[in-house]
Every structure is written in C-alpha cells, then in structure tokens.
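Single-structure report; data block below.
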Amino acid sequence: MPTSPSSSAQAARQVVAQRLRDMRRSAGMTITELADRCGWHHAKTSRIENAHTAPNATDIRLWCRACDALDQVDDLIAQSLHAESMYTEWRTQVREGLAALQGREPRLFQDTRHFRVYSASLVPGLLQTEGYAAGVLGISAAFRDVDVDDSAAAARARVDRSQIIHRPGRTFVFVVEEAALRYQVCDQDAMAAQLGHLLTAGALPQVSLGIIPMATTERAQWPRETFHMYDDRIVSVELVSARVRITQPSEISLYSRAFEELRGMAVYGADARSRVLRAIEALH
C-alpha cells in the first residue's frame, strides 16, 4: 500500500516510465542505442526509465521516433502531463500570482457534489471571510517570496469561489481542530468577523461543521495535514512545499477512513457554536 502523500504521483510517473522502457525493449534497442538516436547521454535514458526524471514533450517525441512508435506520442505526453500535475510545487503554482491560483480547476468545484474538508490549523478556504483570507494569503505570499503580492485580490477571488456553498445540489462537511479557531492569522477585528461567519455558515442546511475539542482525551487520529476530498475521485493534500493530488483508490480509501475517524471526534450544533463563541470572547 502507498505510504506517502506523493505516492500516487510517483506511481503515475512509473507507469509512463514502464511504457517507455517496454517500447525501447520491443524495438530491440539497448539504453545506449536509444540515447544515441535521441541525441542525449545514456544516463538520461536510465533516469527516465526509472522514473527519476520526468520526460518532457520533446523527450517523448524523440523516444517514440527512435522506436518507430510515433502513434503513441500524444497518449504518452498526455499521460506524463497528468502524472506531473498530481504533484505540483507551490513555487510553480504561484508564478502568475495568488489571485490566479484561486481560479484554477473550476471544473473540479463545479462537478463535485460532496465536499469533505479537514483542517488542523486554519478555517477552511470555503468558509473564509475576505479579511481572514487576506491574512492567510499575505503570510503565504511573504513565505514564498511572490514577486507581486496580490493577496488582497486573491482573498476576494477566494470568497467569490466560496459562493458555491450556496448553490443547490451539493453537501459540505467540514472538520476543524478547535486550535484553528485560536490562531490569529489576521487582525483582531478580521478574526472576530471570521469566527462570526462560521456561526452563520455552520447553520446552513447543506453544511456540516464539526469542531474537534482541544481537550479530547482519546483521539482516534492525531491532527493531520489539511486535506480536501472531492466526492470519491480526488484528494488534495496541502504540504509546505507542494500540493499533492491523490487519485489512487487505495489512498482515497485511506483518507476517507481517516476523515470519518476525525469526524467522529468532533462536536456539532450547540456544542460547536459554544466553542466558536469562546474563541470570539478570547479575542477581547
């Protein structure tokens, strides 16, 4: 069973590498012979076949031409691009700014009917107010040395995206560690507004908001990395360096099990609201 959040991405890379290796062998060529035909060092061939280096589109075209298999070029390029999109470093994603990042993958949000989000450290993005989001994204911009700090515009874009909560036909289950209500990532007024918004959003019929008490004595799960589940198709995991998209069924099943155990430790309704109110009171 995969043991790391990036294992789905690595497994996808290995599928591409195996196809290229099989293609070379079927053509009856050694690693060195293929390298000579492609015009690169034989070590590069070995790195690609062992999934240590991801081939770009040009590499794949040259490889297929050398093996007289040009009919497989388009399919292999598409498969390789998909594998690389599963593990994307934040520094690559923020090149166009933080605001552009908020609008990525609109189809994923539009097509998903059942959203599940677990967060140990922040109010989930779909529940964030503009002031809170600006604080979070401002910290992110500073940490990642973004050339243009467009965190204010990104915050507005994030709030616009969160309007999906009010569209019919979808359900949202949020599980948040109580400690996340106390981390002040913005000024006091913005923090109070954010916590007040949680009370409103949590009362929506399509939204389930669970808070895991800090004083929970018997935990089935310790606080985990933030992750988002889109139906049972994709899990998106946020790491310090990258975002990982998990599509392997065995891993999705593992995250689903973890989510259910975390959800089972949370409190809801009046108990959850009382914890939000206590966090508001602690601001003064």
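The values are calculated or read from the model by the stated rules, or taken from the named source; none is laboratory data. Predicted model, so just to flag it, every value in this text is computed and none were measured. Heads up, the Cβs are rebuilt from the backbone with ideal geometry, glycines too, and the neighbour counts pull from every protein chain shown.
When region 52-75 is filtered for residues that are surrounded by 16 or more Cβ atoms within 10 Å (Cβ to Cβ) and among the polar types (S, T, N, Q), the ones remaining, listed by number, are Thr53, Gln72. Applying the criterion of being at pLDDT below 90 and of a type in the set (Asp, Glu) to the residues of region 33-85, the residue that is farthest from Ala17 (Cα to Cα) is Asp74.
Scan region 173-209 for residues that are surrounded by 21 or more Cβ atoms within 10 Å (Cβ to Cβ) and in a strand (DSSP E or B) and the total you get is 5.
Just one residue in the set Arg273, Arg224, Arg219, Arg245 is of a type in the set (Lys, Arg) and assigned to a helix (DSSP H, G or I); that residue is Arg273. The residues of region 161-172 that are loosely packed, with under 15 Cβ neighbours inside 10 Å and in contact (Cβ under 8 Å) with a residue 40 or more places away in the chain, listed by number, are Gly169, Thr171. For region 7-53, what are the residues that are small (Gly, Ala, Ser) and either at negative phi or part of a helix (DSSP H, G or I) (or both)? Scanning region 7-53 gives Ser7, Ser8, Ala9, Ala11, Ala12, Ala17, Ser26, Ala27, Ala35, Ala43, Ser46.
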